[in-house]
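As structure tokens, the structure follows; a few thoughts come after it.
The values are calculated or read from the model by the stated rules, or taken from the named source; none is laboratory data. The shown structure was predicted, so the numbers you read here are calculated from the model rather than taken from an experiment. Cβ placement follows ideal geometry from the backbone for every residue including glycine, while neighbour counts extend to all protein chains displayed. With ligands, DNA and RNA removed, areas are computed over all heavy atoms of the protein, side chains included. Shrake-Rupley method; radii C 1.70, N 1.55, O 1.52, S 1.80 Å.
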Amino acid sequence: EIVMTQSPATLSVSPGERVTLSCRSSQSVSSDLAWYQQKPGQAPRLLIHGASTRATAIPARFSGSGSGTEFTLSISSLQSEDFAVYYCQQYNNWPRTTFGQGTKLEIK
Amino acid sequence: EMQLVESGGDVVRPGGSLRLSCAASGFAFGDYAMTWVRQVPGKGLEWVSGINWIGGSSYYADSVEGRFTISRDSAKNSLYLQMSSLRAEDTALYHCARGPHARSPYWYFDLWGRGTLVTVSS
């Protein structure tokens, strides 16, 4: 099984700041990496697929990068609605797809 | 509006069975693979099962293989998960999610439902 490790577990930031979240895979997943956002009581929402392609209607302040085993999700200027939990998912090893444990973005 | 709405969650005893449903609307359901992902409240996401767009291939996590069966009815725009021999560790919120279009090999999930809660307890 490919283990996805996200860091940090929790990140406290202020609105307007730029933030970078990390996701690391235990073996190469090429660019088969997605990022999701989940707010309390809501369904997860796809942000990024293919490591760097924004999903439909996702604001340009969200960007993804990386390949192989190291990936990042950046948010250029945090808005109040961006405070949520973020998950990465590798789908290179389908059907053995796996998610990271999540990074919680909280207001400082 | 594209939407997925799950139903069928309940409290069930260990060893019992349950059938979850997911109603799709607003898109061509028959053109997409579908999947189930579960989430223990307050915890992370765990992929459970997937089925391809024509229903000819199904996939399962090791933790549910042999106990859960995924199926779909494209005439009813519906996805199902038949769960049997349920265990306490199956307790979770079960989300259905849309997978790749037709023959695309990229199994990320671009539309999710809010989930239905399954509690396995005596």
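For this structure, a couple of remarks:
Residues are listed down the side, and each one gets a yes or a no for (1) open to solvent by less than 40 Å² (accessible area, probe 1.4 Å); (2) over 27 Å from residue B:115 (Cα atoms):
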position: A:44; (1), (2): yes, no
position: A:67; (1), (2): no, yes
position: A:71; (1), (2): yes, yes
position: A:78; (1), (2): yes, yes
position: A:98; (1), (2): yes, no
position: A:101; (1), (2): no, no
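- Considering the stretch A:1-96, the qualifying strands (runs of 3 or more DSSP E), each wholly inside and each with 1 or more residues that are away from chain B (no Cβ under 12 Å) and over 13 Å from residue B:108 (Cα atoms), run over A:4-7, A:10-13, A:19-25, A:62-67, A:70-75.
- Test: residue in the stretch B:77-92 that is within 14 Å of another protein chain (Cβ to nearest Cβ) and not polar (S, T, N, Q): yes
- Candidate set: the stretch B:1-54, residues that are in a loop (DSSP other than H, G, I, E, B) and hydrophobic (A, V, I, L, M, F, W, C); chosen: the one surrounded by the fewest Cβ atoms within 10 Å (Cβ to Cβ): B:2
- Hits in the stretch A:12-28 (condition: of a type outside the set (Gly, Ala, Ser), more than 22 Å from residue B:60 (Cα to Cα) and more than 13 Å from the chain's Cα centre (by Cα)): A:13, A:15, A:17, A:18
- A search for C-beta distances below 6 Å between a residue of the stretch B:46-65 that is farther than 17 Å from residue B:104 by Cα and more than 11 Å from chain A (Cβ to nearest Cβ) and any residue that is open to solvent by less than 60 Å² (accessible area, probe 1.4 Å) and at pLDDT 95 or above, counting only pairs 6+ apart in sequence or on different chains, returns B:64/B:48.
- Among the candidates B:68, B:27, B:109, residue that is touching a Gly at 6+ places or on another chain (Cβ under 7 Å), within 29 Å of residue A:33 (Cβ to Cβ) and within 14 Å of chain A (Cβ to nearest Cβ): B:109
- Residue in the stretch B:99-113 that is in contact with a Ser or Thr (Cβ under 9 Å, 6 or more places away or on another chain), small (Gly, Ala, Ser) and surrounded by fewer than 16 Cβ atoms within 10 Å (Cβ to Cβ) present: no
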